[in-house]
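Enquirer: The structure's right below; bear with me while I get my questions together.
Every read-out reported here was derived from the displayed coordinates using simple, explicitly stated rules and does not represent laboratory data. Computed from a prediction, not measured in an experiment: that's the story for all the values here. So basically every Cβ, Gly included, is an ideal-geometry build from the backbone, and we count neighbours across all protein chains shown.
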Amino acid sequence: MGRVPYRGFLIAIVIIGLVVFIASQSGGRSRGEVRSYTYFQEQLEAGRISSIQVKGTKLLVIPHVGERFVTHLANPPDDLTTFGAHGADVEALPPGQNWGNLALYLLPVLLMVGFLIYLMRGVRSGGDGTVSFGKSRARLVTEENSNTLFRDVAGVEEAKDDLQEVVDFLKDPGKFHALGARIPHGVLMMGPPGSGKTHLAKAVAGEAQVPFFSISGSDFVEMFVGVGAARVRDLFETAKKNTPCIVFIDEIDAVGRRRGLSVNGGNDEREQTLNALLVEMDGFESQHDIIIVAATNRPDVLDPALLRPGRFDRQVVVDAPDVRGREAILGIHARGKLLSRRVNLRRVAKRTPGFVGADLENLLNEAALVAARKNQREINPEDLDEAADRVLMGPERRSRVISDREKRIVAYHEAGHALAAHLLEHADPVHKITIVPRGRAMGYVMQFPDEDRMSATKLALLDSIGVALAGRATEEISFGDVTTGAQNDFRQATDIARRMVTRWGMSETLGKIALASGGDSYLGEYEGTRTYSEETAKVIDSEVKTIIDEQYSRIRLLLKENQEVLDTIVEVLLERETLHADEFDILMQGGELPKPLDEAPIEIPEVAPAKRPRTQDEQLQEPQLPSGMMPNPS
Ligand code: ADP
Ligand code: MG
Ligand code: ZN
């Protein structure tokens, strides 16, 4: 089905080919090598020419012996008469019969007509979606050809856990329906490029053994308005006939960008496509047993409408792997490669912080190439080193090379957030600390609330500010110098403080009044909602500053008193790169963590998948912030 939309286009190409062929065949009888007129004259005068065909100014010359050739008349009127004198047989043909020229004149016309036909087909099918042009290009990947399984994906255990549920459902939907469970419509995978999102989607298909329709967001975005929308409808039409099944939309940001925000003042085609997608997602009920899995590395640009309940309400983070994950990924891709016994994959994993799965696969491949170039029979550690340097120095990597000193600073910064979250009574407990870079963040601390909160107490808000400021405070305590890494922290802290003053009446000086009207939009506070005087604005600013300053001194003191604990966390963090809640708790209770070298893989604690954890230092925008709710420090 997939190729049919091009039929019109193919016909056009065939016509063009024919035209060009005819053109090249024009004057078919005059084929032969082109020689100079002087050469021709020499031959003629020597009496070696048998016959000459004259066509316009072109001469086809046939010698008594040897190949025929072509030449052009130097001086048309006179020459002709002299040919006969040398014993050649002269035959003159009418010059006008040149099909080639005619074809060349027709070519642009034919092209125009072909293009018009192509255009009209596109528009027509966009209207009703029945003509083949609007058919989706989804590729059907069935059990036979998706032999990727979960065991082929490593280092993204949390994402795998989340997706396991999808697999379980698709394997036996009846079981879930019997219990009255409403299964998720859409699962959105987000993570940096090369972290294995597409790979993971294929593994879901391989595990679930159900039809798997895969399409890329860019396939929807066409030049002609309406085609993308028709493709969406067709895709779902097909999917509904094949339930239970998975529809995988890769790189959904191509269609799912926020509407009305594009630079060129809106893109009708994309908006129509997005609308069609939303309509389809709302349209099918749970008994359809279709699960839509989408992937993006730009969740920040997605239209919030996509993330609403009943749509992509389940979000799965596919992060860059930590040192243990990298080792496991290396293990997977080392299968089938001849590695020397001296190779230690853990060592390789250690020297490749910031590498994602695709980089690691690339690294092993480069190493094999290096070894082959040296005519070795196996890959040696030196080859891996060389390959790592090469991948590191690649253009997109250079910006992510982290020095040991930088890594240490990041570790202190994140340890500061984590320790503050642990020590402050009203702060949310630590869920995960990592110094694996993610997006523009060098590391982050993830906190999880104990229970869902719709409102926050003043003490909890102050502690949130404290946790946000703790990163910078630690840098100052431990290095006597500060970095630019706390920019986002300050924004969070200031945001909370400002709201406390202007919205929640928590300032003693200003009292219990709401100073900001309007609401929160997705993009932050509305401009132009100020309803107070210049003086009040000044008081607000000074109140905000007071809150921040007070919290900063408080947290600085607290961390200073616990410098030793801070150092311990940093050492463990530098060794492991990521600490999960249970490991962090052991550390805080004064326990020892086994060195990763002599331990079995660590069980990752179960997480309620619907709630997206919030993080410190996370640059990705929180997809949805219900208005009026407490702004999480994220
Ligand atoms: P993304 O879609 O996130 O940009 P891909 O899934 O296309 O990344 O990954 C590219 C390749 O890198 C995959 O085909 C796979 O071989 C390898 N890869 C990436 N991540 C992993 C992983 N976590 N485990 C194993 N291989 C991986
Ligand atoms: Mg991909
Ligand atoms: Zn920070």
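Enquirer: Which ³J(HN,Hα) values, rounded to whole Hz and listed in residue order, are derived for the range 554-571 from phi using the Karplus coefficients 6.51, -1.76 and 1.60 in 6.51 cos²θ - 1.76 cosθ + 1.60 with θ = phi - 60°, glycine and proline given as x?
Expert: Working through the residues one at a time gives 4, 6, 5, 4, 4, 5, 4, 5, 10, 3, 5, 4, 4, 4, 4, 4, 4, 4 Hz.
Enquirer: Residue 82 to residue 149: extension gain in nm, 0.36 nm per residue of separation minus the Cα-Cα distance?
Expert: Using 0.36 nm per residue and subtracting the Cα-Cα distance, I get 15.7 nm.
Enquirer: A follow-up question, please. So, in nm, how far is label residue 358 from label residue 10 when the simple model puts each one 7 Å beyond its Cα toward the Cβ?
Expert: 3.2 nm
Enquirer: Here's another thing I want to ask about it. Can you tell me the length gained on complete extension of the stretch residue 532 to residue 218, counting 0.36 nm per residue apart and subtracting the Cα distance?
Expert: Length gained between residue 532 and residue 218: 108.3 nm.
Enquirer: Could you give the nm distance between label points at residue 168 and residue 490, where each point is 7 Å from its Cα heading toward the beta carbon?
Expert: 4.7 nm
Enquirer: With the cut-off at 28 Å, tell me which of the pairs 160/337; 374/407; 160/350 have Cα atoms farther apart than that.
Expert: 374/407
Enquirer: Also: Please rank 291, 49, 569, fewest neighbouring Cβ atoms within 10 Å first, as an exposure proxy.
Expert: Fewest-to-most Cβ neighbours within 10 Å comes out as 49, 569, 291.
Enquirer: May I ask you to derive the FRET efficiency for residue 116 and residue 51 from their Cβ-Cβ distance with R0 = 56 Å, giving the value to the nearest 0.05?
Expert: Efficiency for this residue pair is about 0.70.
Enquirer: Taking the number of other C-beta atoms within 10 Å as the exposure measure, put 177, 417 in order starting with the fewest.
Expert: 177, 417
Enquirer: If you don't mind, another one. Sequence-distant or interchain residues sharing an amide H contact under 5 Å with residue 49, placed H: which?
Expert: 64
Enquirer: Whose amide H sits under 5 Å from the amide H of residue 247, counting only residues 5 or more places off or on another chain, with H placed in the peptide plane?
Expert: For residue 247, whose amide H was placed from the backbone, the distant partners under 5 Å are 213, 291, 292, 293.
Enquirer: Right, something else. Can you list the HN-Hα couplings for the range 537-550, worked out from phi with the Karplus curve (6.51, -1.76, 1.60; θ = phi - 60°), rounded to whole Hz and with x for Gly and Pro?
Expert: Values per residue, Gly and Pro as x: 4, 5, 4, 4, 4, 6, 5, 4, 4, 4, 4, 4, 4, 4 Hz.
Enquirer: Treat each spin label as a single point 7 Å out from the Cα along the C-beta direction, and report the residue 68 to residue 557 distance in nm.
Expert: Once both label points are built, they end up 10.7 nm from each other.
Enquirer: For a quick protection proxy, order the peptides 466-473, 543-550, 199-206, 574-581 by their average other-Cβ count within 10 Å, most packed first.
Expert: Per-residue mean Cβ counts within 10 Å order the peptides as 466-473, 199-206, 574-581, 543-550.
Enquirer: Quick one: grab the alpha carbon gyration tensor of the range 537-578, order the square roots of its eigenvalues as a ≥ b ≥ c, and give me rounded if a/c is under 1.5, else prolate or oblate depending on whether a/b is larger than b/c.
Expert: Because a/c hits 1.5 or more and a/b fails to exceed b/c, the range 537-578 counts as oblate.
Enquirer: Suppose R0 equals 51 Å; then what is the FRET efficiency for residue 390 and residue 504 from their Cβ-Cβ distance, rounded to the nearest 0.05?
Expert: Taking R0 as 51 Å, the efficiency between residue 390 and residue 504 is 0.40.
Enquirer: With θ set to phi - 60° and the Karplus curve 6.51 cos²θ - 1.76 cosθ + 1.60, what are the ³J(HN,Hα) couplings of the range 184-201 in order, to the nearest whole Hz, using x for Gly and Pro?
Expert: x, 6, x, 10, 9, 9, 10, x, x, x, x, 7, x, 5, 4, 4, 5, 4
Enquirer: Let me ask something else about it. Quick check: residue separation of residue 582 and residue 36 times 0.36 nm, minus the Cα distance between them. What number comes out in nm?
Expert: Gain on extension, residue 582 to residue 36, equals 187.6 nm.
Enquirer: Okay, next question. Going by amide H atoms built from the backbone, whose H comes under 5 Å of the H on residue 337, apart from near neighbours?
Expert: So residue 337 has HN proximity to no qualifying residue.
Enquirer: Which of 532, 552 has the fewest other C-beta atoms within 10 Å, and how do the rest follow up to the most?
Expert: Sorted ascending by nearby Cβ count, the order is 532, 552.
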